[in-house]
Amino acid sequence: MRKILLVGNWKMHLNTHEASMLMHRLHEHIPIHRHVEVVLAPSALVLQPLSTTIDRRKFRLAAQNAYHIDEGAYTGEVSFAMLKDLVHYAIIGHSERRNVFGEDLKTIQLKMAAAVRNGITPILCIGETKTERLDGETMMVIHDQLTTAIHGLTSEEIEGLVVAYEPVWAISSGNNFAHHEVATPEEVEKVVGKIRHTITDLYGAKAAEKVRVLYGGSSNAENAEMYLRAKGVDGLLPGGASLHYWQFSRMVETAAEIQRERDIDG
Ligand code: PGA
């Protein structure tokens, strides 16, 4: 059975001191959950210090980004090769990377390959913009972003993959929970179904069954249960809510309760 996975994307927030304070609070409020996986994605700067203090029974680390070439004259970049001893996961293709930093489909494909080559599990983010949604292009965008990103991976590599459906129009910019639309569980289920369907077509049902699919876009302690109960959803990728220990630890608690029910139901 797929374990519920919660990934806190801290984005470009928290300096080293603030990050270690948050880590401390999370450690206090989140017990060891054997059946829920909790991942933190702090800034690259903070990965190293956190990796030495983190309780590995409770948390794993993810990078938010890295460069696809392992080493060389690339001023300002950090490679997946450099991160491989620090992180289990790397977020790849986040809409902010695509839209603010101009990462195109090819770049994201190269990053996917680089992560896998270095033994880092990609958390591939895909999702349509508001305009694409209004133009009825959601499924096409999902198909294109997914198939190009995973092109060239083996079915074994696909099985370990995490895909996050993050509709760009539902992502809260910063901690502003007020001015954006919210995705309904039905909308999320449709796209999650499409993601598994696409993987089934390309790699077979076994691979599609193993891939974990997350939802991200203004998820928080209040709506976590609703999204986690949506069909096919294996976890959440909160941004804003992951910066508040009480929000994030409640989300973990909700995930643990739902996972317990699933374990009982077999
Ligand atoms: P949000 O961010 O939860 O603040 O909407 C999610 C994300 O961008 O990963």
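Laboratory data are not the source of any read-out in this text; all were calculated from the coordinates shown. The structure presented is a predicted model; accordingly, all values stated were derived computationally and were not measured. Cβ: placed from backbone, ideal geometry, glycine included. Neighbour counts: every protein chain shown.
Considering the range 1-50, and only residues there that are within 16 Å of the ligand (Cβ to nearest atom) and part of a loop (DSSP other than H, G, I, E, B), the residue that is surrounded by the most Cβ atoms within 10 Å (Cβ to Cβ) turns out to be Pro42. Remark: pairs (first residue in the range 195-213, in contact (Cβ under 8 Å) with a residue 12 or more places away in the chain; second residue crowded, with 21+ Cβ neighbours inside 10 Å and of a type in the set (Ser, Thr, Tyr); Cβ separation under 9 Å; 6+ apart in sequence or on different chains) = Ile195/Tyr165; Val211/Tyr203; Val213/Tyr165. A count restricted to the range 205-229 and to residues that are of a type in the set (A, V, I, L, M), within 19 Å of Ile126 (Cβ to Cβ) and more than 16 Å from the ligand (Cβ to nearest atom) stands at 3.
Check the range 150-164 and report whether any residue there is touching a strand residue (DSSP E or B) at 6+ places or on another chain (Cβ under 7 Å), closer than 19 Å to Val7 by Cβ and surrounded by fewer than 20 Cβ atoms within 10 Å (Cβ to Cβ). Break it down stepwise before answering.
Here is the first cut: in the range 150-164, the ones touching a strand residue (DSSP E or B) at 6+ places or on another chain (Cβ under 7 Å) are 160-164.
Right, trim to closer than 19 Å to Val7 by Cβ and you get 160-164.
Okay, now just the ones that are also surrounded by fewer than 20 Cβ atoms within 10 Å (Cβ to Cβ), so 160.
Within the range 150-164 (the criterion being touching a strand residue (DSSP E or B) at 6+ places or on another chain (Cβ under 7 Å), closer than 19 Å to Val7 by Cβ and surrounded by fewer than 20 Cβ atoms within 10 Å (Cβ to Cβ)), the answer is yes, since at least one residue qualifies.
If you go through the range 159-173 one residue at a time, do you hit one that is closer than 23 Å to His88 by Cα, charged (D, E, K, R) and either more than 18 Å from the chain's Cα centre (by Cα) or within 10 Å of the ligand (Cβ to nearest atom) (or both)? Yes, the range 159-173 contains a residue that is closer than 23 Å to His88 by Cα, charged (D, E, K, R) and either more than 18 Å from the chain's Cα centre (by Cα) or within 10 Å of the ligand (Cβ to nearest atom) (or both). Does Ala256 satisfy being within 15 Å of the ligand (Cβ to nearest atom) and more than 17 Å from Thr147 (Cα to Cα)? So Ala256 does not fit the description; no.
If only residues of the range 181-204 that are within 18 Å of Arg2 (Cβ to Cβ) and polar (S, T, N, Q) are counted, the one that is farthest from the ligand (Cβ to nearest atom) is Thr200.
Residue by residue, here is whether (1) away from the ligand (no atom under 16 Å from the Cβ); (2) in contact (Cβ under 8 Å) with a residue 12 or more places away in the chain; (3) not β-branched (Val, Ile, Thr) holds:
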{"position": "Arg57", "(1), (2), (3)": "yes, yes, yes"}
{"position": "Ala62", "(1), (2), (3)": "no, yes, yes"}
{"position": "Leu86", "(1), (2), (3)": "yes, yes, yes"}
{"position": "Ile91", "(1), (2), (3)": "no, yes, no"}
